[in-house]
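Worksheet: one structure, shown below.
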Amino acid sequence: MTKLDLEGVTVWRIGGDEYTREDLRKMDPVCLRALFRERIHHTVEVEIYPIMLGRKKMPENFGYQAELLIEVCNERGFNLEDDDFQWGLKYIELARRLRAGANIEIDDQLPVAFTDDEMKVVRKLLWARRSVRDWVPNRPIPDEIVEQLLEAGRAAPNGCNLDIVRFIVIKDKKRAKWVWSDIPTPMNQCVLIVICYDARVYETVGHDKLVSHNQGYDAAAAGDHMCLMAHALGLGAVWLTCTEKTAANFQKKYGLPEYIKPAMHIAFGWTAIASIKSGRMPLKEMIIA
Ligand SMILES: Cc1cc2nc3c(=O)[nH]c(=O)nc-3n(C[C@H](O)[C@H](O)[C@H](O)COP(=O)(O)O)c2cc1C
């Protein structure tokens with residue numbers, strides 16, 4: 001592959017300025033990496049399928065912003081073996097082949113509907129999960145289980161693949177006191193996971209003024225995945241509301257940087273008592289149009 005001339009190529013910031021190679025060289029690494037994912041998403045991933053289906057013409061310099069970003073990320077020593085870079089590199093390669101006039105195919109399968117048995121498991125997960133507020137005392141939650149909960153959060157959808165969600169695992173009494181809750185969360189019964197987001201990323205890509213609320217949605221999507229995983233692992237979990245004031249209090253007491261915003265927290269433990277699963281209003285009442 002001949003080396004691409006990226007002289008003069010800039011990386012767009014949605015609704016704002018453009019970043020030059022020099023800007024990228026100086027950018028905070030967390031923000032640079034997020035910008036890489038966002039640019040892959042918006043300039044290649046979203047564009048490439050309509051192009052492949054013949055519904056859209058390939059834009060001029062298709063994939064160039066991604067090329068510049070991967071060059072700088074490589075230069076700055078990121079581990080390009082990581083999942084997010086590998087994902088981005090697949091798109092970069094596809095864009096290269098399209099630019100070279102090659103026909104491309106995606107080496108993956110179309111989704112197939114689940115079997116009846118698989119659907120039973122899915123329904124069981126969705127409809128049997130419930131909020132649990134009473135946990136068995138002195139039965140620890142192994143680290144491997146905590147990791148599975150966090151991995152479930154990591155798998156959740158997130159706005160523009162920016163990966164802004166951050167986790168804080170709390171197992172000690174002192175820190176647990178900094179997390180406000182309307183129910184007792186004794187540390188000999190549960191683990192608290194505070195779901196935060198890194199607000200610098202939205203400023204970097206220009207989403208802060210456009211879709212700021214998506215930051216909370218990202219945290220919520222991660223939280224929901226974690227609650228479902230907890231249920232599948234036989235744990236009981238409850239999502240706990242965090243007001244702006246209690247979030248600010250936690251942020252200060254924990255000594256978090258200003259840009260790490262606590263969004264919500266969840267308590268996880270081994271269920272102490274069987275509880276009645278909540279009911280929902282009829283679907284027809286929920287469909288308003
Ligand atoms: C945004 C949100 C905030 C919540 N906050 C609290 C809370 O502060 N305290 C609590 O005990 N439960 C809280 N819950 C759990 C709800 O009370 C619970 O999901 C609801 O009653 C339905 O019951 P289920 O989860 O058992 O299906 C919250 C749930 C959500 C989605």
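Quickly work out the Tyr49-to-Ile104 label distance, labels modelled 7 Å from Cα along the C-beta direction, and quote it in nm with one decimal.
For the pair Ile104/Tyr49, the computed spacing is 1.4 nm.
Modelled label-to-label distance, Lys173 and Asn138, 7 Å Cα→beta-carbon offset: nm?
1.5
Quick one: P(r) of region 11-99 from all Cα-Cα pairs, 10 Å bins, percents rounded to integers, in order of increasing distance.
With a bin width of 10 Å, the distribution comes to 17, 51, 27, 5.
Within region 205-289, how many lysine pairs that are 8 or more places apart, or on different chains, have C-alpha atoms less than 19 Å apart? Write out the running numbers ahead of the final one.
Values: Lys209/Lys261; Lys245/Lys253; Lys245/Lys261; Lys252/Lys261; Lys253/Lys261.
Lysine pairs meeting both conditions in region 205-289 amount to 5.
Over the chain, what per residue volume does the convex hull of the Cα atoms give, in whole Å³?
Looking at the chain, the number lands at 193 Å³ per residue.
Below 8 Å between Cα atoms, with a sequence gap of 6+, how large is the relative contact order for region 11-99 in percent?
Relative contact order, region 11-99: 35 percent.
Please list, by residue number, everything in region 236-255 whose backbone N is under 18 Å from a paramagnetic label point 7 Å out along Cα→Cβ of Ala220.
Answer for this model: 238-245, 247.
Defining a contact as two alpha carbons under 8 Å apart and six or more residues distant in sequence, what relative contact order in percent does the chain show?
Taking the mean separation of contacting Cα pairs over the length of the chain, I get 21 percent.
Could you calculate the contour length gain from Trp180 to Thr243, that is, 0.36 nm times the residue separation minus the distance between their Cα atoms, to one decimal place in nm?
Gain on stretching Trp180 to Thr243: 21.8 nm.
Any idea how far the Cα center of region 135-158 sits from the one of region 240-289, in Å?
16
What value, in deg cm²/dmol to 500, does the helix sum -39500 (n - 2.57) over DSSP H runs of n ≥ 4 give at 222 nm once divided by the residues of the chain? Don't skip to the answer; put the middle values down first.
On the way: 12 runs with 123 residues, N = 289.
Value at 222 nm, helices only: -12500 deg cm²/dmol.
How many nm separate the modelled label positions at Lys56 and Thr20, each set 7 Å beyond the Cα in the direction of the Cβ?
A separation of 3.0 nm, rounded to one decimal place.
Could you go through region 131-136 in sequence order and give the Karplus-derived ³J(HN,Hα) for each residue, using 6.51 cos²θ - 1.76 cosθ + 1.60 with θ = phi - 60°, rounded to whole Hz, and x for Gly and Pro?
Running phi through 6.51 cos²θ - 1.76 cosθ + 1.60 with θ = phi - 60° gives 7, 10, 10, 10, 10, 5 Hz.
Would you please state which residues of region 133-156 a label at Asp83 would reach in this model, taking the label point 7 Å out along Cα→Cβ and a backbone N cut-off of under 20 Å?
Those under the cut-off are 143-156.
I need the Debye-formula profile for region 117-260: one equal scatterer per C-alpha, no solvent, reported as log10 I(q)/I(0) at q = 0.11, 0.17 1/Å, two decimals.
The calculated log intensity ratios at q = 0.11, 0.17 Å⁻¹ are -0.45, -1.04.
FYI, it's all coordinate maths here, none of it is from the lab. Since the structure is predicted, the reported quantities are computational estimates derived from the model, not experimental observations. Methodologically, a virtual Cβ is constructed for each residue, glycine included, from the backbone with ideal geometry; neighbour enumeration extends over all protein chains shown.
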